[in-house]
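See structure below.
The values are calculated or read from the model by the stated rules, or taken from the named source; none is laboratory data. Please read these numbers as outputs of a predicted model, since none were measured by experiment. Note: ideal-geometry Cβ built from the backbone for every residue, glycine included; neighbour counts use all protein chains shown.
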Amino acid sequence: MHIDPLERKWIFVVFAMVGIMLIAIFFTALVQRVHPPSNVETIDSASLHLTQEFAEDNLGVHRGADAAVRVTMVAARYGFYPQHIEVPAGTPVTFRWATIDVLHGVHMARTNMNTMVVPGFVSQVTTVFPEPGEYPMFCNEYCGLGHDHMWSRVTVVPKDQWSGPKVATVAADKKGG
Ligand code: CUA
């Protein structure tokens, strides 16, 4: 079969492009742990505040029995609550969000964090903050006139300087006393 040299060149170019894209997909998925958020868990947005997990006193940073760091937040026009949290660097942190009103999105630059927060569902993403610093958490789904101003602060501190889950401790104290 005769293949024109120019055609042969373009066959090579196309295979190279597909190869580069496949390498990029596998690199981001396996090395940088960037995956499409795929947690499917339903929740009633209207009674969020009555659930154990998303009750106001239970929002914020928690540490599980397995020492895993978990953050529970509520998205609402126009902010993520609590509006400021502190988490350790170099540790897997699992974020869980629910919205009390409309569709929101969560984006944190320099991390793999980018998910929609859909009414009626719990969104969950696990990330590792590689280095300490301030990580603004932005809404990236248009949710109303205040969308541009919808953001919260995430302070990432060195692992050995992290003082633990403040919010959870407060909640536990309240229950105890
Ligand atoms: Cu919330 Cu845009």
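From the list THR72, THR42, the one residue that fits, being more than 16 Å from the chain's Cα centre (by Cα), under 29 Å from ASP148 (Cα atoms) and among the polar types (S, T, N, Q), is THR42. The set of residues in segment 127-163 being in contact with a strand residue (DSSP E or B) (Cβ under 8 Å, 6 or more places away or on another chain), without any contact (Cβ under 8 Å) to a residue 60 or more places away in the chain and within 10 Å of the ligand (Cβ to nearest atom) consists of PHE138, ASN140, GLU141.
Pairs are defined by a Cβ separation below 7 Å, a sequence spacing of at least 6 or placement on different chains, a first member in segment 99-113 that is in contact (Cβ under 8 Å) with a residue 40 or more places away in the chain and away from the ligand (no atom under 15 Å from the Cβ), and a second member that is in a loop (DSSP other than H, G, I, E, B) and of a type in the set (Val, Ile, Thr); the pairs so defined are ASN112/VAL34.
Of the set (1) touching a helix residue (DSSP H, G or I) at 6+ places or on another chain (Cβ under 9 Å); (2) within 16 Å of the ligand (Cβ to nearest atom), all apply to GLY60 but (2). All conditions but one from (1) assigned by TED's automatic domain parsing to the domain that holds MET137; (2) aliphatic (A, V, I, L, M); (3) touching a residue at least 24 places away in the same chain (Cβ under 8 Å) apply to VAL40; the one that does not is (1).
Has segment 96-112 got any residue that is in a strand (DSSP E or B) and more than 22 Å from ARG77 (Cβ to Cβ)? Checked segment 96-112: no residue is in a strand (DSSP E or B) and more than 22 Å from ARG77 (Cβ to Cβ).
Is it the case that VAL117 is closer than 25 Å to THR28 by Cβ and within 12 Å of the ligand (Cβ to nearest atom)? If you could, list the steps in order and put the result at the bottom.
Numbers: closer than 25 Å to THR28 by Cβ: yes; within 12 Å of the ligand (Cβ to nearest atom): yes.
So VAL117 fits the description; yes.
Of the residues making up segment 64-80, none is of a type outside the set (Asp, Glu), surrounded by fewer than 17 Cβ atoms within 10 Å (Cβ to Cβ) and part of a strand (DSSP E or B). Every listed requirement among (1) assigned to a strand (DSSP E or B); (2) under 18 Å from PHE138 (Cα atoms); (3) not charged (D, E, K, R) is met by PRO37 save one, (1).
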